[in-house]
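Shown next, in structure tokens, is the structure this report addresses.
The values are calculated or read from the model by the stated rules, or taken from the named source; none is laboratory data. The structure displayed is predicted, hence computed values, not measured ones. When we count neighbours, we look across all protein chains shown, and the Cβ atoms used for this are built from the backbone with ideal geometry, even at glycine. Side chains included, ligands, DNA and RNA excluded: accessible areas come from the protein's heavy atoms. Shrake-Rupley method; radii C 1.70, N 1.55, O 1.52, S 1.80 Å.
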Amino acid sequence: MKLLEAFVIFIWLTLATVCSYTHDDLIIAAGDQLELLSQGTTYRKLTLNSYNASKLSALAYDATNKRLFFSDIRHLESHILSVSLEDESPRLVEEIIEKNDDETVESLAYDPVNKMLLWTDGFNRSIRQIQIDNDGIHAKENTSVEIVHLLESDARPQALVSDPCTRMLYWTNIHKSLPTIERSHLNGSQREVIVHSDLLQLHAFDLDIMEQMIYWAEDLRNGFFLIERSYVNGSGREEFYRGFGHFIASLTVGEDYVYWSDYDRKKLWSLPKDGSSKNPVNLRTYRNPAMGVVVYRNEPLNCDLISSPEASAAVVQKTELIENLDSSSSTALLLGFSFVCLAIMALIILLILQFLKSRDCKGIRGASKTEDTIPFENFSNTLFKMNELSQMEQQQTVSVPMPENSSGLKRDDDCATLIKCEF
């Protein structure tokens, strides 16, 4: 019974943990619309004053100043624009970077420490940045823009994310022959490749700053897709989710969930980070594909809550230990399952024996009430009474004359002439 109670408590705690999770607030760019989705259920359109959007794509959010940066692919004048989300209205759109024909914007990232806006230019194989003051800025590509990285030929940076706490920059390089995931300091120094093997077609990418893990999505063959993750140094790589029929256009990581948008089905999906559920949930369906998804935070990140360098090193060592134990984990799991099964069987057998024993005891107690029994005082008294009873029986034995028949003879068809009568 104790084992059953423990199992029930475990299930209850698991359900309570899952139910305690809440979805993050998200900002979604779908077609020419910006939408705020609260806790995965409530949504409202973000109206932009005096601005006619065409096809919105990349998003970056500054939680310190409540400002959203976005890219409009088909806008005739500007590549990058911004809007304040602090007030409800009017939401005036500001132009940040003027548009040139030979430049593109595929992903945006914002550094609130140095107030730097960064983006990837796939056409020119570069990662660029510009400093943003509180009053906004209107700049041309050839004036205030700095180049952080200029990649080699056949390379193309795509998804981009910055870490304001560790001062690092991460991006995907969709190289034709060797796609990679790379990083460097925000100033461009110490560039290195952190993931380079078994990558096919990288699309979406994001960073979990608090847990110091990166997530990426890629297309596989025959219509399958894959979401993987690892620590920021590339160690501890593992499969997060494998599915079929999704072309992931954008991916972002919240506190408890991972979110991605499906270009083909025009849906927004979520899946818990801790693996408590294996099936993604459809949060919303749009008329146009959602090309940008970003977490809408009410407060800036608290960098004191992330792991210190010493803790990060311990995490890496733990990851390496887990990788070394992978070969024996399945055996340990099988042994543990066998032990649980044997314990359950032993408990069932014990309950059956206890039940049978209780039935036998009841039968004995019932028989003692109906039988005529003589209590024995002690062994010597018993022998004495038995001898006395034997003498009395001998004294009470009498001879009874047999009646005569009509011929005057005694009956001899009996086996004995004397009948012993006991009283």
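Show me 120-126, 270-276 ranked by packing, highest mean number of other Cβ atoms within 10 Å first. Kindly include the intermediate steps, with their values, before the conclusion.
Values: 120-126: 19.1, 270-276: 15.1.
Averaged packing, sorted descending, gives the order 120-126, 270-276.
Using a probe of 1.4 Å on the protein chains alone, the accessible area found for residue 283 is around 30 Å². A cut-off under 12 angstrom between Cβ atoms defines the neighbours of residue 282, and their net charge, with Lys, Arg +1 and Asp, Glu -1, is +3. All C-alpha to C-alpha distances of segment 172-238, sorted into 5 Å bins beginning at zero, yield P(r) values of 4, 16, 27, 27, 17, 7, 2, 1, 0 percent in whole numbers.
With 22 Å as the limit, the listed pairs 55/266; 66/266; 45/115; 176/273; 55/267 have 66/266; 45/115; 176/273 beyond it between alpha carbons. Sorting 41, 285 by accessible area puts them as 41, 285; the probe is 1.4 Å, largest comes first, and only protein heavy atoms count. When the Cα convex hull of segment 31-95 is projected onto planes of every orientation, the mean area is 4.5 nm².
The share of Cα pairs per 5 Å bin across segment 120-278, counted from zero up to the longest distance, runs 2, 8, 17, 20, 19, 15, 10, 6, 2, 0 percent. Largest first, the residues 177, 107 sort by 1.4 Å accessible area into 177, 107.
Here, segment 212-304 has an Rg and a Dmax of 13.7, 44 Å when only alpha carbons are counted. Sorted from greatest to least, the principal axis extents spanned by the alpha carbons of segment 34-143 come out as 40, 31, 26 Å.
From the alpha carbon gyration tensor of segment 257-303, can you work out the equivalent ellipsoid semi-axes (sqrt of 5 times each eigenvalue) and give them in Å, largest to smallest?
Values: eigenvalues 95, 57, 10 Å².
Square roots of five times the eigenvalues give 22, 17, 7 Å.
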